[in-house]
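The values are calculated or read from the model by the stated rules, or taken from the named source; none is laboratory data. The shown structure was predicted, so the numbers you read here are calculated from the model rather than taken from an experiment. Neighbour counts run over all protein chains shown; Cβ positions are idealised from the backbone, glycine included.
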Amino acid sequence: MSFALESVGLVHPNGQRALRAVSLSAASGERLAVIGPSGAGKTTLLRVLATALRPGEGRALSLSANPWQLSAAALRKLRARIGVVHQAPPIPPRLRVVTAVLAGRLGGWSTGRALASLLYPVDIAGAREALARLDMADRLFDRCDRLSGGQLQRVGIARVLYQAPELLLADEPVSALDPALADAAVGQLIAHSQTQGATLVASLHAVDLALKWFPRIVGMRVGEVVFDKPAEHVTRAMLQELYATEGAVLPTQGNDPMALEPWCSGGAAAPGDSGATLPGGAIRSDALQPGGATDGDASQPGGSTRSNAALQPGGATGSDASQRPGARVLPLTRPGCR
Ligand SMILES: Nc1ncnc2c1ncn2[C@@H]1O[C@H](COP(=O)(O)OP(=O)(O)OP(=O)(O)O)[C@@H](O)[C@H]1O
Ligand SMILES: [Mg+2]
């Protein structure tokens, strides 16, 4: 088990309730996208999983441990196994990119090695390799305050790839990227999860990105999980209900209403598809790939943009072709969204 929330409730100090009786769990290596309108509680949920927020109600286990029952030293060790991609990475502005990436492993390093790395980067090749996956290798020695918001976001992703955590939590990790870069960056997170066996939980604004890459989709609204389904069981009707408070407009990359067509061609939910939470809900993305994953381009429905090839230097994501994000078949025959 990677994490388990049992009837978790959380009220922020200002009295704002952010989570209500949330029960959710995932096995190691699962990949979940959390979607829902603004204020639904996505960030709060991720912060609970990251052990940054202590829930006032229920029980929250991360990597099989109850963080709030651990000693300070054990909690530090647990946190070193959890990686977080923030929407706006909290990187000190004067820091160089290489140091910011290497900081991903600070929690797992001895004090001496960590201090040494601040003075002189101890693993420049490792940092460069992580940045190359995000097409950022040429910015290795730049200062972070010389980067754009989107470049900084990619440095934040490179940092967590370098950290190689067992539980990877990403809060709107590509919100500052254009659609092609966002697609490729999510592909890198997915590839990392596949090759390392890491559990990946990402909150995503763009519903099309979530349905395209993630085998399991969790819909949240006003602090509750309203559905928890394999991606191919998510219907347009379920999505419209989820985003009802936003005029049932389904947010997509580039605000393109056609972007959901490959995934959601119909309207009504199938009989019995009530949106009830699935037990476990585990499903491998491979199961959604008819004919095996071999050629990404041939399988891109609706002309969806793929710039992954440009972001994969030297097979950085693994030698098994079926594990390259660019190779994930986006099946035209996939049941998708009904
Ligand atoms: N630090 C905080 N202090 C007080 N209230 C907060 C805090 N963070 C979030 N909230 C409130 O908790 C609720 C859930 O917020 P949260 O940030 O988790 O939502 P979200 O789904 O991530 O939204 P968004 O899509 O806008 O990022 C909201 O009502 C929000 O106002
Ligand atoms: Mg948020």
| helices (runs of 4 or more DSSP H) lying entirely in region 23-128 (those with 2 or more residues that are more than 16 Å from ligand 1 (Cβ to nearest atom)) | 72-80, 97-102, 111-119
| request: Among residues belonging to region 29-63 that are within 16 Å of ligand 2 (Cβ to nearest atom) and among the hydroxyl-bearing types (Ser, Thr, Tyr), point out the one that is nearest to residue 195 (Cα to Cα). | output: 43
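From 203, 175, 193, which residue is farther than 15 Å from residue 26 by Cβ, under 14 Å from the mean Cα position of the chain (by Cα) and of a type in the set (Ser, Thr, Tyr)?
On inspection, the qualifying residue turns out to be 175.
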| remark: Reported set for region 1-22 where residues are in a strand (DSSP E or B) and either under 19 Å from the mean Cα position of the chain (by Cα) or within 16 Å of ligand 2 (Cβ to nearest atom) (or both) is 3, 4, 5, 10, 17, 18, 19, 22
| task | Identify, by number, the condition in (1) within 16 Å of ligand 2 (Cβ to nearest atom); (2) at pLDDT below 95; (3) charged (D, E, K, R) that residue 145 doesn't meet. | result | (1)
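Going through region 86-108 one residue at a time, which ones are modelled with pLDDT under 75 and surrounded by fewer than 17 Cβ atoms within 10 Å (Cβ to Cβ)?
Within region 86-108, just 108 meets the criteria.
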| The lone exception for residue 66 - which of (1) in contact with a helix residue (DSSP H, G or I) (Cβ under 6 Å, 6 or more places away or on another chain); (2) more than 16 Å from ligand 2 (Cβ to nearest atom); (3) not charged (D, E, K, R) it fails | (1)
| said: Tell me whether region 225-232 contains one or more residues that are part of a loop (DSSP other than H, G, I, E, B), modelled with pLDDT under 95 and of a type outside the set (A, V, I, L, M, F, W, C). | reply: no
| Got at least one residue in region 28-40 being polar (S, T, N, Q) and either at positive phi or under 19 Å from the mean Cα position of the chain (by Cα) (or both)? | yes
